[in-house]
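Here the structure is laid out as structure tokens; the discussion comes afterwards.
The values are calculated or read from the model by the stated rules, or taken from the named source; none is laboratory data. What you are looking at is a predicted structure, and each value in this text was computed from that prediction instead of being measured. Cβ atoms come from the backbone with ideal geometry, glycine included; neighbour counts cover every protein chain shown. For the accessible areas, the whole protein counts, side chains as well, though only heavy atoms, and no ligand, DNA or RNA atoms are used. Shrake-Rupley method; radii C 1.70, N 1.55, O 1.52, S 1.80 Å.
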Amino acid sequence: MRLSKFLIEIKWIFLRAKIEKIKLLILDVDGVMTNGYIYYEKNDNQIKSFSVKDGLGIRFLQKANIEIAIVTGGKGDVIEKRAKDLNIGYIKSKVKNKRKEVYKLKKLLKIDKNQVVFLGDDLNDLTVRNEVGLLIGTNDCSKDFRRKCDAILLNNGGENAVRELADRILKNNKFIRRVKEEGFYETN
């Protein structure tokens, strides 16, 4: 059962103080940055579709000094290519134990769990629950994952969910207010 838009928004209001502490956004890929479908070419190369709006949201967060990382069980050069295009420096793919990778990343960046938000969509993302301050799910996340999340987005994975989260994180940020007035001079 999907939550109504009203109930989703109410939950976000109560998370405002936690959101303002965020210094690191960790993203899953399949089902979060993509719609979860994987296509194969004849030579076994994977094809995935990424939202340019999500890319722009990532750029906004980076400009606001929020670190971006990818921790995914997915594989393929396409993930590394997208991360490189977006200047995401920390990417771990083919990960079996996401909790362990999130823990290592927090130590590397010397940040507290309350400064970390993880955007996921399914049970393999639940392992990070105790390592992050906020666990967020896409609107189409699995039912069991949804029960453990701090909040759910209005958008599905691959359909601007990352951008929605970026907008929520930067809602009261001076940088984003300036961008809304003057525009943005970078690629996504």
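What to note about this one:
- Mean separation of Cα pairs under 8 Å and 6 or more residues apart, divided by the residue count, gives the chain a relative contact order of 27 percent.
- Its convex hull of Cα atoms gives the chain a direction-averaged projected area, equal to a quarter of the hull surface, of 10.7 nm².
- For the options 54, 85, 122, a Gaussian network treatment of the chain with springs between C-alpha atoms closer than 10 Å singles out 85 as fluctuating the most.
- Remark: C-alpha extents of segment 64-153 on the principal axes read 33, 29, 26 Å, sorted largest to smallest.
- Sulfur and carbon atoms: percent of accessible area, the chain [1.4 Å]: 49
- Coarse-grained scattering of segment 145-188 at q = 0.19, 0.20 Å⁻¹, given as base-10 log I(q)/I(0) from a Debye sum over alpha-carbon atoms: -0.72, -0.77
- Using θ = phi - 60° and Karplus 6.51 cos²θ - 1.76 cosθ + 1.60, couplings along segment 109-118 (whole Hz; Gly, Pro as x): 8, 6, 10, 7, 4, 6, 9, 10, 10, 10
- Here the Karplus relation 6.51 cos²θ - 1.76 cosθ + 1.60, evaluated at θ = phi - 60°, turns the backbone of segment 34-42 into coupling constants of 10, 7, x, 8, 10, 10, 10, 7, 4 Hz, with x for every Gly and Pro.
- Taking amide H atoms as placed 1.01 Å from N in the peptide plane, the amide H of residue 30 lies under 5 Å from those of 74, each 5 or more residues away in sequence or on another chain.
- In sequence order, calculated HN-Hα J values of segment 76-81 (Karplus, 6.51, -1.76, 1.60; Hz; x Gly/Pro): x, 5, 5, 5, 4, 5
- Helix-only CD estimate at 222 nm, as mean residue ellipticity for the chain, using -39500 (n - 2.57) per DSSP H run (n ≥ 4): -10500 deg cm²/dmol
- Among the chymotrypsin sites (Phe, Trp or Tyr not before Pro) in segment 12-47, those placed in a DSSP loop whose Cβ has at most 13 other Cβ atoms within 10 Å are 37.
- Loop-located GluC sites (Glu not before Pro) in segment 98-188 (DSSP state other than H, G, I, E, B) with a sparse environment of at most 13 neighbouring Cβ atoms within 10 Å: 186.
- Grouping the Cα pair distances of segment 11-100 into 5 Å bins from zero gives a pair-distance distribution of 3, 12, 22, 22, 19, 13, 6, 2, 1, 1 percent in increasing distance order.
- Under 5 Å from the amide H of residue 91 lie the amide H atoms of 70, each residue being 5 or more positions distant or on a separate chain, with H modelled from the backbone and absent for Pro and chain starts.
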